[in-house]
Amino acid sequence: MNLNIGVIKGDGIGPEIVTEAMKVLDQVGKTYGHTCDYTQLLMGGASIDVHGVPLTDETVAAAKSCDAVLMGSIGGDAKTSPWYQLEPSKRPEAGLLRIRKELNLFANLRPAVLYDELKGACPLKEEITKGGFDMMIMRELTGGLYFGERRTVEENGVMTAYDSLTYNEEEIRRIAKRGFDIAMKRRKKVTSVDKANVLDSSRLWRKVVEEVAKEYPKVTLEHMLVDNCAMQLVKDPKQFDVILTENMFGDILSDEASMVTGSIGMLASASLNETKFGLYEPSGGSAPDIAGKGIANPIATILSAAMMLRFSFDLDKEADAIEQAVSRVLKEGYRTIDIMSEGKQQVDTEKMGNLIAGYIK
Ligand code: NAD
């Protein structure tokens with residue numbers, strides 16, 4: 001298979017960690033008989049330096065012509081970088097917001113995986129985390145409270161602010177389908193999270209999710225109120241497979257879930273649209289404090305590349321091979337500095353990439 005991949009190396013540690021992910025993808029290609037065609041795209045600070053803007057129309061068009069985009073992180077140090085002297089619409093992050101909108105990326109996926117080998121980094125008690133956990137948070141990204149009408153007015157001499165939370169059934173249906181599709185590739189359980197005891201938008205959410213569930217008889221659906229879910233994530237994280245939820249609940253719960261896994265350098269993410277297209281990137285930022293030192297953890301980006309193979313190209317075996325190689329490297333005790341602990345062997349970014357690529361089978 002020929003994989004037509006757009007690559008946004010980005011700023012800071014972006015180029016270092018994306019280079020390692022491409023190395024692993026190339027090895028997967030060699031082992032399984034695929035070719036990776038990369039189109040280099042500029043975004044963020046790197047694009048400002050060349051074009052004066054964080055994202056050009058040409059780059060958007062080039063990204064749209066790819067099957068998927070793998071991205072490092074964009075942005076610099078807000079205090080020292082000249083990019084932040086520009087008006088907000090010309091700064092690096094504006095490129096990210098625009099590309100998400102242009103590509104209609106409405107579904108955000110964030111896996112929260114606790115590897116048994118890294119359980120020391122998890123703030124939960126060992127009896128809760130024994131054996132690790134592996135969940136996927138699917139968050140609706142383009143609707144709900146963050147995109148509803150808002151205003152602040154004075155009413156009878158009292159300042160009053162309004163934010164509206166709106167979802168229509170089509171928006172709910174398309175994210176729910178995505179959630180069930182992903183559950184079919186995993187342990188076939190969906191926990192739909194809402195606040196249906198209070199909110200109309202949640203009652204519609206629940207009704208539409210139940211309709212969609214009928215198309216997926218192999219998937220077990222449960223409903224959970226968001227406040228209970230926040231508790232269950234720290235009480236018994238192993239119970240979750242796919243958590244399906246709306247924008248604001250997902251924003252909060254995905255951060256909570258990622259914190260219980262430990263290191264930011266391990267957290268992959270993906271944003272998908274209605275087709276197989278997706279933008280795959282680590283959850284962390286461009287880490288200007290360690291950029292250029294060759295010490296960044298490339299694993300989140302490598303795991304994002306695995307997600308790309310699984311969700312944009314349906315190459316599940318190949319994605320499994322990457323995930324197993326990551327597990328093996330951790331099991332053998334190799335660590336970048338951010339996940340280093342006593343008795344383990346510290347390696348740099350490049351060595352970590354080489355080890356993972358070398359373990360692709
Ligand atoms: P950050 O995630 O870049 O860094 C936070 C801390 O985590 C730092 O100490 C950093 O060294 C560490 N870290 C992050 N990724 C790491 C990795 N792979 N390996 C080892 N350590 C890692 O967050 P920040 O400092 O708040 O933001 C820095 C810049 O990144 C800002 O310009 C911000 O706007 C941008 N940012 C971009 C994205 C994105 O591109 N999607 C996301 C978040 C932040």
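One table, with the values for the structure above:
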quantity: Hits in region 300-315 (condition: more than 16 Å from the ligand (Cβ to nearest atom) and open to solvent by 10 Å² or more (accessible area, probe 1.4 Å)); calculated: ARG310, PHE311, SER312, PHE313, ASP314, LEU315
quantity: Members of region 24-50 found to be closer than 22 Å to LEU96 by Cβ, open to solvent by less than 70 Å² (accessible area, probe 1.4 Å) and among the β-branched types (Val, Ile, Thr), listed by number; calculated: THR39, ILE48
quantity: Residue match in region 316-334 (condition: in a loop (DSSP other than H, G, I, E, B) and either surrounded by 21 or more Cβ atoms within 10 Å (Cβ to Cβ) or within 11 Å of the ligand (Cβ to nearest atom) (or both)); calculated: no
quantity: Scan of region 12-23 for residues that are within 15 Å of the ligand (Cβ to nearest atom) and either assigned to a helix (DSSP H, G or I) or under 18 Å from the mean Cα position of the chain (by Cα) (or both), ordered by number; calculated: ILE13, GLY14, PRO15, GLU16, ILE17, VAL18, THR19, GLU20, ALA21
quantity: Lone unmet requirement of (1) farther than 19 Å from GLU20 by Cβ; (2) surrounded by fewer than 19 Cβ atoms within 10 Å (Cβ to Cβ) for ILE264; calculated: (1)
quantity: Qualifying residue in region 185-193 (condition: open to solvent by 40 Å² or more (accessible area, probe 1.4 Å) and touching a Ser or Thr at 6+ places or on another chain (Cβ under 8 Å)); calculated: yes
quantity: Enumeration of residues in region 208-224 that are open to solvent by 50 Å² or more (accessible area, probe 1.4 Å) and in contact (Cβ under 8 Å) with a residue 24 or more places away in the chain; calculated: GLU211, GLU215, LYS218, THR220, GLU222, HIS223
quantity: Breaking point among (1) under 14 Å from the mean Cα position of the chain (by Cα); (2) within 17 Å of ASN108 (Cα to Cα), for GLU246; calculated: (1)
quantity: Considering residues of region 60-71 that are under 11 Å from LEU41 (Cβ atoms) and touching a helix residue (DSSP H, G or I) at 6+ places or on another chain (Cβ under 7 Å) only, the residue farthest from the ligand (Cβ to nearest atom); calculated: VAL60
quantity: Check on GLU274, away from the ligand (no atom under 16 Å from the Cβ) and either over 29 Å from ASN104 (Cα atoms) or part of a helix (DSSP H, G or I) (or both); calculated: no
quantity: Hits in region 283-299 - residues which are more than 6 Å from the ligand (Cβ to nearest atom) and either of a type in the set (Gly, Ala, Ser) or open to solvent by less than 40 Å² (accessible area, probe 1.4 Å) (or both); calculated: SER283, ALA291, GLY292, GLY294, PRO298, ILE299
quantity: Filtered residues of region 335-361 (kept if in a helix (DSSP H, G or I) and among the hydroxyl-bearing types (Ser, Thr, Tyr)); calculated: THR349
quantity: Complete set of residues in region 225-257 that are under 19 Å from ARG206 (Cα atoms) and surrounded by fewer than 14 Cβ atoms within 10 Å (Cβ to Cβ); calculated: ASP227, ASN228
quantity: Hits in region 63-107 (condition: in a helix (DSSP H, G or I) and among the β-branched types (Val, Ile, Thr)); calculated: ILE99
quantity: Region 188-204 residues that are on the phi > 0 side of the Ramachandran plot, paired with ones that are open to solvent by 50 Å² or more (accessible area, probe 1.4 Å) and basic (Lys, Arg) (beta carbon under 8 Å, 6 or more apart); calculated: LYS188/LYS218
quantity: Single residue of region 72-120 satisfying the filter (closer than 20 Å to MET307 by Cα, open to solvent by 20 Å² or more (accessible area, probe 1.4 Å) and more than 15 Å from the ligand (Cβ to nearest atom)) that is farthest from the chain's Cα centre (by Cα); calculated: TYR115
quantity: Looking only at region 121-149, and only at residues there that are hydroxyl-bearing (Ser, Thr, Tyr) and in a helix (DSSP H, G or I), the one that is most open to solvent (accessible area, probe 1.4 Å); calculated: TYR146
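The values are calculated or read from the model by the stated rules, or taken from the named source; none is laboratory data. Bear in mind the structure is a predicted one, so any value in this text is a computation, not a measurement. Every residue, glycine among them, receives a Cβ derived from its backbone with ideal geometry; neighbour counts consider all protein chains shown. Ligands, DNA and RNA are stripped out before the accessible areas are found, and what is left, the full protein with its side chains, is counted by its heavy atoms. Shrake-Rupley method; radii C 1.70, N 1.55, O 1.52, S 1.80 Å.
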